[in-house]
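Asker: Next up is a structure, given as structure tokens.
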Amino acid sequence: METPTAGPAHLAPTRARDRIHHGTARIHAVLDEARICHVGVVVDGWPHVLPTLHVRRGDTLYLHGSAGGRVLAAGRAGRLPICVTVSLLDGLVLARSAVRHAVNYRSVLVRGLASAVLDEDDKRAVLAAFVDRTAPGRSGACRPANRRELAATAVLAVALDDPGTQVTLKARTGGPVDDAEDLTLPHWAGVIPVRTVEGAPEPAEDLAYLSAPIGF
């Protein structure tokens, strides 16, 4: 696979430029809040987009999956051109006219070169961070991966602060933007907030240890 040498800046978003942001803190906040990302790569001439887990440590984004999977396994051959997206839905925007309906959202796009994490200590540290994203402190309250499990798990790293990495946040906030002639129509308009919340822990049927997990 031929690795691109030029950065992807020429493919920056061109529509709704007022919704585009590049602030590092805001980008990190969206990456940290989102639980699932979608990873796109080209394998054997075909695009593949798959959902997977991610975690950010400093200015590096890590991706996690099976070492036998086509997407993450492609990273073993060298630095892998990759596109990662995360999206958070914040609200449904209902307008007076059909065409003005929208959603409030926050999304981050990351395009760059990913490298496989091969050092065992680094890999274990990243995998512990993945587990702690599930529940704070959980990596210290479960059995760590053994050598076989570690070998079967692939981890890719993308440097967010690399000059060749494109990182863009796009967001919409606020209410509907109706045309002036529609403001007096007899239709409700406004925002229906959307929130993702965690419920109470549901213990496994064969659980012998009855205390709730750390963080809940």
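The values are calculated or read from the model by the stated rules, or taken from the named source; none is laboratory data. This structure is a prediction, so every number in the text was calculated from the model and none was measured. Here the Cβ positions follow ideal geometry from the backbone for every residue, glycine too, while neighbour counts run over all protein chains shown.
Asker: Condition check: under 15 Å from the mean Cα position of the chain (by Cα) and at pLDDT below 95. Does residue 133 satisfy that?
Answerer: In short, yes.
Asker: On the basis of being without any contact (Cβ under 8 Å) to a residue 60 or more places away in the chain and more than 25 Å from residue 36 (Cβ to Cβ), does residue 186 make the cut? Please lay out each step first, then the result.
Answerer: On the way: without any contact (Cβ under 8 Å) to a residue 60 or more places away in the chain: yes; more than 25 Å from residue 36 (Cβ to Cβ): yes.
Judged against the criteria, residue 186 is a match.
Asker: Here's something else I'd like to know. Could you run through the range 165-209 and say how many residues are under 24 Å from residue 86 (Cα atoms), surrounded by fewer than 11 Cβ atoms within 10 Å (Cβ to Cβ) and touching a strand residue (DSSP E or B) at 6+ places or on another chain (Cβ under 9 Å)?
Answerer: 5
Asker: From the residues in the range 76-122 that are under 19 Å from the mean Cα position of the chain (by Cα) and of a type in the set (Lys, Arg), which one is farthest from residue 146 (Cα to Cα)?
Answerer: So the residue we want is 106.
Asker: Could you tell me whether the range 103-126 includes any residue that is of a type in the set (Val, Ile, Thr), modelled with pLDDT of 95 or more and more than 30 Å from residue 189 (Cα to Cα)?
Answerer: Residues of the range 103-126 of a type in the set (Val, Ile, Thr): 103, 108, 110, 117, 126.
Filter once more, so that each one left must be modelled with pLDDT of 95 or more: 103, 108, 110, 126.
Then keep just the ones that are more than 30 Å from residue 189 (Cα to Cα); that gives 110, 126.
The answer is yes, given that some residue of the range 103-126 is of a type in the set (Val, Ile, Thr), modelled with pLDDT of 95 or more and more than 30 Å from residue 189 (Cα to Cα).
Asker: If a residue must be touching a residue at least 24 places away in the same chain (Cβ under 8 Å), farther than 25 Å from residue 164 by Cα and part of a loop (DSSP other than H, G, I, E, B), how many such residues does the range 105-151 contain?
Answerer: Residues in the range 105-151 being touching a residue at least 24 places away in the same chain (Cβ under 8 Å), farther than 25 Å from residue 164 by Cα and part of a loop (DSSP other than H, G, I, E, B): 3 in total.
Asker: Regarding residue 31, is this residue in a strand (DSSP E or B) and surrounded by 11 or more Cβ atoms within 10 Å (Cβ to Cβ)?
Answerer: No: the conditions fail for residue 31.
Asker: Restricted to the range 131-156, and to residues that are under 27 Å from residue 24 (Cα atoms) and out of contact with any Leu (no Cβ under 6 Å at 6 or more places or on another chain), which residue is surrounded by the most Cβ atoms within 10 Å (Cβ to Cβ)?
Answerer: That would be 155.
Asker: Quick test for you: out of 65, 7, pick the one residue that is modelled with pLDDT under 90, in contact with a Gly (Cβ under 7 Å, 6 or more places away or on another chain) and surrounded by 13 or more Cβ atoms within 10 Å (Cβ to Cβ).
Answerer: Result of the check over 65, 7: 7.
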